[in-house]
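Worksheet: the structure to be examined is printed underneath.
Just so it is clear, none of the values below were taken in a lab; they were calculated from the coordinates. Quick caveat, the model's predicted, so the values are computed rather than measured. Quick reminder, even Gly has a Cβ in these numbers, built from the backbone with ideal geometry, and neighbours come from all protein chains shown.
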Amino acid sequence: MDLSGKVAVVTGSGRGLGLAYAKALATAGASVVVNDVEPAAVDAAVAEVPGSVGVAAAVGATESAEQLVAAAVEAFGKLDVLITNAGILRDRVLWKMTDDDFDAVIKTHLRGTFTCARAAAIRMREQGTGGRLILISSPAGQRGNFGQTNYAAAKAGIAAMARTWALELARSEITVNAVVPVAATEMTKTIPAFAPAIEEAERTGQPYPAWLRHDEGLGTVEDVTGLITFLASDASKAITGQAIGVGGDKLALWSHPAEKEVVHRDGGWSADDIAGSWNFPSETYGIPS
Ligand SMILES: NC(=O)c1ccc[n+]([C@@H]2O[C@H](COP(=O)([O-])OP(=O)(O)OC[C@H]3O[C@@H](n4cnc5c(N)ncnc54)[C@H](O)[C@@H]3O)[C@@H](O)[C@H]2O)c1
C-alpha cells in the first residue's frame, strides 16, 4: 500500500500500538507527526520513525490538538490522516472508582479524540481534499468490561462519535472509522487472562500460540498495522462510519447497535403490560474472561 504524499498525525505514538502505526505509515511512504505525553518517548519515536517530527503534549486539551495539526502543516504542508490512539487505564470497580480515575480516562480518550478530530476536521475541510479520521476504540467499549467504567464509557463514546462524524463529514469526503484493536502491549499485560501468554512469548521469543491469535484475536502490535494503513489509504475511500476489529489472525466488522426484537401495542405499554408479556431473550454482555 502506497501512502506517498500523505501526512498523518498519530497520538500516543511513543510506544505500543501508536508507535507501530507511526512506523507502518512511514514505511508506506507517509510523513508522520508522532506525539506522546512523555517527551523522552517522543524523542525515541522520532528516531525510529523515518522522516517524522515529534510533539510532546498531553492530548485532551484543545491547545494540544491545535499544536498537532499546526506541526503537520508546518513540517509537511497539510494533514490527511489523524489517528487518535493516546490512552491510559485507571481500572477500578464502580464503588472504588474516584472522580480523578474517571476524569483522567475520559479526558485522554474521549475528550482527546474529540479535540484532535475537531482540529483535524477544520483543517481538512479547509484543504478540501478529503481525509481520514481513524479513532481507536476497544472491545470494552463495545461490550462493557469488569472494572472499566471510565474506559468502557470513553471507548463506547468514541465509536458513537465515529458514526456521528461519518455523517457530518461525508460531504467533505473525510471518512471516519473506529478501530477495535487487540494486541500485546504494556496495557494488555495488565489483563490477568493474557499476561502469562504475553510474558512467555516475550521471554522465549516464540510466536503467540494459535488459540490466542485465532480465537482471542490477540497478537503483536504489527498485526494491527495492516488495517490502519489500509484505512489511511485511498483504497478505503468508500468505508466510513464502521467499527472494525483487528488483532492476531482476526479481522472483524462489528455490528452497530440496532433494535433486535420489536413488539407494538396500541395505546402504548404500561408497567403491567410489560410485566405480563415480557419475553425478550437477554442479550449477552461483557468481555468473556
Ligand atoms: N493493547 C490492546 O489490546 C488495546 C485494545 C483495545 C484498545 N486499545 C487502545 O489502543 C491505544 C494504544 O494502546 P496501547 O496498548 O498501545 O497502550 P500503551 O499504554 O502501550 O500506549 C499508550 C501511549 O499513549 C501515551 N499517552 C497516554 N496519555 C496520553 C496523552 N494524554 N497524550 C498523549 N499521549 C498519551 C502513553 O504515554 C503511551 O505511550 C489506546 O487508546 C488503547 O486504549 C488497546
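The table below lists the values:
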quantity: Neighbour-count ranking [beta-carbon atoms within 10 angstrom, fewest first] of S172, S277; calculated: S277, S172
quantity: For A243, residues with placed amide H under 5 Å, excluding near neighbours; calculated: A178, W254
quantity: Between 0 and 90°, nearest 10: helix 39-48 axis offset from the chain longest Cα axis; calculated: 70 degrees
quantity: ³J(HN,Hα), Karplus 6.51/-1.76/1.60, whole Hz, each residue of the range 183-191, x for Gly, Pro; calculated: 7, 6, 9, 4, 5, 6, 5, 7, 8
quantity: In degrees, nearest ten, helix 62-76 long axis to first principal axis of the chain (Cα); calculated: 40 degrees
quantity: Between helix 222-232 and the chain: long-axis angle, C-alpha atoms, 0 to 90°, nearest 10; calculated: 90 degrees
quantity: Order of Y285, Y208, Y151, Y21 under a 10 Å beta carbon neighbour criterion, fewest first; calculated: Y285, Y208, Y151, Y21
quantity: Helical mean residue ellipticity (222 nm; -39500 (n - 2.57) per DSSP H run of 4+; nearest 500) of the chain; calculated: -12500 deg cm²/dmol
quantity: Residue among V73, V224, V179 with the largest mean-square fluctuation in a Gaussian network model of the chain, springs linking Cα atoms under 10 Å; calculated: V73
quantity: Euclidean distance between Cα centres, the range 202-271 to the range 164-201, Å; calculated: 9 Å
quantity: Dipole-positive endmost among A30, A184, A45 within the chain (Cβ charges, Cα centre); calculated: A30
quantity: Cα gyration tensor, the range 170-249 - rounded (a/c under 1.5), prolate or oblate; calculated: prolate
quantity: Packing-based exposure ordering (other Cβ within 10 Å, fewest first) of L231, L94, L133; calculated: L94, L231, L133
quantity: Residue with peak Gaussian network fluctuation, the chain [Cα springs, cutoff 10 Å], from A44, A193, A243; calculated: A193
quantity: Highest-MSF residue in the chain out of P257, P209, P139 [GNM, Cα springs under 10 Å]; calculated: P257
quantity: Above-threshold pairs, the threshold being 29 Å between Cα atoms, out of K189/K250; K96/K260; K78/K237; K96/K250; K78/K189; K107/K260; calculated: K96/K260; K96/K250; K78/K189; K107/K260
quantity: Options A65, L227, A238, ranked by Cα towards positive dipole end of the chain, top entry (Cβ charges); calculated: A238
